[in-house]
Amino acid sequence: MKFDTPATTNPIDQLKVVGKPTDRVDGPLKTTGTAPYAYERHDVAPDAAYGFVVGAGIAKGRIASMDLQAARAAPGVLAIVTARNAGKLGKGDFNTAKLLGGPAIDHYHQAVALVVANTFEQARAAAQLVRITYERMPGKFDLQAEKAGAQLAKPTPFAGPPESKVGDFEGAYAAAPVQFDATYTTPDQSHCMMEPHASTAVWQGDKLTVWTSNQMVAWSVGDLAKTLGIPKENVRLMSPFVGGGFGGKLFVRADVVLAALGARAAGRPVKVALQRPLMPNNTTHRPATIQRIRLGASRDGKIMAIAHEGWSGDLPDGSAETAVNQTRLLYAGANRLTTTRLAVLDLPEGNAMRAPGEAPGMMALEIAMDEMADKLGMEPVEFRIANDTQVDPEKPGRPFSQRQLVQCLRTGAERFGWSRRNARPAQVRDGRWLVGMGVAAGFRNNLLTKSGARVRLDDRGVVTVETDMTDIGTGSYTIIAQTAAEMMGVPLSKVFVRLGDSSFPVSAGSGGQWGANNSTSGVYAACMKLRDAVAAKAGMAAGEAVFIDGSVRAGERVVPLAQAAGPEGLVGEDSIEYGDLDKKYQQSTFAAHFVEVGVDAATGETRVRRMLAVCAAGRILNPKAARSQVIGAMTMGTGAALMEELAVDKRRGFFVNHDLASYEVPVHADIPHLDVVFLDETDPISSPMKAKGVAELGLCGVGAAIANAIHNATGIRVRDYPITLDKLIDRLPPVA
């Protein structure tokens, strides 16, 4: 189905099932422990051996020697895979470094060996017996030190151009009556999903089947095949349940490659899970940024000039963190400049983490907006509203399909009690706590990508959906079931959804906040094909057929779906493909984040007391699941603001706190009740579902809202995340 004109009234608009707060259809499997995750596939591989990964002990250099004799002689050991015996390996299109290192080492904890044994304990014990000596080489591990030599990043389909210029920024900034210029930093961050990267691999002749934890099935089939040097047709990849990903499982990682190599070497199925202390350095992370923001405004608060420059680092041939991209679209201003520069570092690979680009970019931009409002003597909500735009600031002839940022800000301000905020910092106390409020805008683009599905109808009237879409805890099973139920006029109990199998039609996959809108649109397209087939079988004109209560009707004729399907059943398969509407209209999602914090006047400890997110993100397909996504994102934003940081050993080149004991994330005691409001919005420019994404929007801006609230509480402006108490305690106002 080609979607190249705005959606008109269609079956989804009935909203009998779609748009209702619906419990997860996969909830019982997860709450009873029967959801089949990749490492636990005893049903398909009951005799699986266990692999344990050995990671490199240096950040850059070469393996001088590797002594495997003691490990091979250890009890239960079946095989040891290294670069020397693995055969020729390629590198996937989405991988920056090789997934099996040796003799050259690209980064710390790069996998260099897999020990395979009968039990996990045997594999782990034998892995400790592998003796490796290295030739260490000097590396670059400090972004600030390498900043001066950073080059403009290479353009990519996701990142866009590394530099954008509109008007005369330098001239307009110099002429602006009010100027602001500040630099902000965000640290390296780790995904910390609950389920580790894990895979089970089985060979049958030259055919490989893997059960793995992965967000993008089709991408990963291609990269796994390319890495192993086998045809894509010989790889079947299944990922029906994923215990969290946050972008860290977008791509093939060492677990699935080593499971495949280990299974081939051992001659039996092998399962591999990356041990938690290995994950931060072995896999990907959100890279640190340095961001300079300059704003020039007239005295009445209109932005005349806006510039956002970003620096990040990655391995050679890596990609940059696109922290400046939202600044190209969020606020008006005739004279504009953005640049994205990339330094070569020898730290582990930087790559996508929930809302790449906008998440760290908004952490800086939305503090800068508050600081400029202070300089102008304007109320920060009103300053943002004064600089709203309904068109793409770089292309004024290109309107936004929907843009309700002002409504988000006004609704949030009223609901949160923003009028009670004292504009003078450090004036409100509650016992020992200094209390303040902060606000930030939220922004994330709406990305469109082709997505396919197959829908079957059987002689029981059961509708089965098949697509390689994944559910990473986001609720894909449920919204896909809701879509099929709405389209075919059946209850949810008559819909069965099968996901995450590369033998199914290729979907959008889970990433970039694009999964819900695109995958359900693909199901919509397939259901339209199935509706046509049902109508034809029932002898009805497709345009007159009405699907309701498990039957198809036209005039006085009523045919049960089960009867129309017959013993052979009916199938509809199609994909949603997009025309150029996203070129004619800028498609984005918007939010306003409001936060109240308390800061201990003696210790500098910060506690979040209240949070509110008001979101405008198209049609909300399942308000219950969407709210869960947003409160999870708000929690993640709290972690980014107050505690999350991968500490870099700048001498040895690795992340020191590479486990959940020392990499701090929020826990229940850190998070108060979170309030979420969705504005009533449909976007017919986006898709036939008239939806967008929301999972990453809930994160973008949260960190800055907390930083702004801390400033309002204490008068202390912190520009370097995370905002830990050591950055506050020496500057706190007097206790009494």
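The values are calculated or read from the model by the stated rules, or taken from the named source; none is laboratory data. Predicted, not measured: the structure shown is a model, and the values here were computed from it. Don't worry about glycine lacking a Cβ; one is built from the backbone with ideal geometry, like all the others, and counts go over all protein chains shown. These accessible areas exclude ligands, DNA and RNA; they are computed on the full protein's heavy atoms, side chains included. Shrake-Rupley method; radii C 1.70, N 1.55, O 1.52, S 1.80 Å.
Stretch residue 388-residue 582 to full length: gain in nm at 0.36 nm per residue minus the Cα-Cα span?
Length difference between fully extended and current span is 67.8 nm.
Taking the Cα centre of region 284-428 as origin, sum charge times position over the Cβ atoms of Lys and Arg (+1) and Asp and Glu (-1), and report the length of that vector in debye to the nearest 20.
It comes to approximately 560 debye.
Listed highest first by mean packing, meaning other Cβ atoms within 10 Å per residue, what order do 148-157, 254-263, 276-285, 65-74 come in?
254-263, 276-285, 65-74, 148-157
Listed here are the pairs 494/690; 450/690; 450/537; which of them are more than 18 Å apart at the Cα?
494/690; 450/537
How long is the gain from residue 414 to residue 660 if the chain were fully straight, where each residue apart is worth 0.36 nm and the alpha carbon distance is subtracted?
84.7 nm
Under 11 Å from a label point 7 Å along Cα→Cβ of residue 429: give me every residue in region 705-736 with its amide N that close.
Under 11 Å, as judged by backbone N against the label point of residue 429, lie 733-736 of region 705-736.
Which percentage, to the nearest 5, of the DSSP beta bridges contained in the chain is antiparallel?
75
Which order do the peptides 241-247, 181-187, 528-534, 86-92 take when ranked by the mean count of other beta-carbon atoms within 10 Å per residue, highest first?
Top to bottom by mean Cβ count within 10 Å: 241-247, 528-534, 181-187, 86-92.
Where nothing but the Cβ of Lys and Arg (+1) and of Asp and Glu (-1) is charged, how large is the charge dipole of region 510-574 around its Cα centre, in debye to the nearest 20?
The dipole magnitude comes to about 40 debye.
Give, in nm to one decimal, the length gained when the segment between residue 234 and residue 144 is fully stretched (0.36 nm per residue of separation minus the Cα-Cα distance).
Extending this stretch completely gives an extra 27.8 nm.
When the helix-only estimate is applied to the chain (DSSP H runs of n ≥ 4, each -39,500 (n - 2.57), divided by the residue count), what is the mean residue ellipticity at 222 nm, nearest 500 deg cm²/dmol?
Theoretical 222 nm ellipticity from helices: -7000 deg cm²/dmol.
If you count only protein heavy atoms with a 1.4 Å probe, what accessible area per residue comes out for region 411-494, rounded to a whole Å²?
Per residue, region 411-494 has 36 Å² of solvent-accessible surface.
Please tell me the relative contact order of region 159-256 in percent, rounded to the nearest whole number, where contacts are Cα pairs under 8 Å and at least six residues apart.
Contact order relative to length: 29 percent.
As I understand it, the dipole of the chain uses +1 on the Cβ of Lys and Arg and -1 on the Cβ of Asp and Glu, about the Cα centre. Which of 216, 5, 572 lies farthest toward its positive end?
Going by the Cα projections, it comes out as 216.
Sort 542-555, 97-110 by packing, meaning the average of other beta carbons within 10 Å per residue, with the highest value first.
My ranking of the peptides, most packed first, is 97-110, 542-555.
Suppose every Lys and Arg Cβ carries +1 and every Asp and Glu Cβ carries -1, with no other charges. What dipole size does the chain come out with about its Cα centre, to the nearest 20 debye?
Charge dipole, the chain, about its Cα centre: 480 debye, nearest 20.
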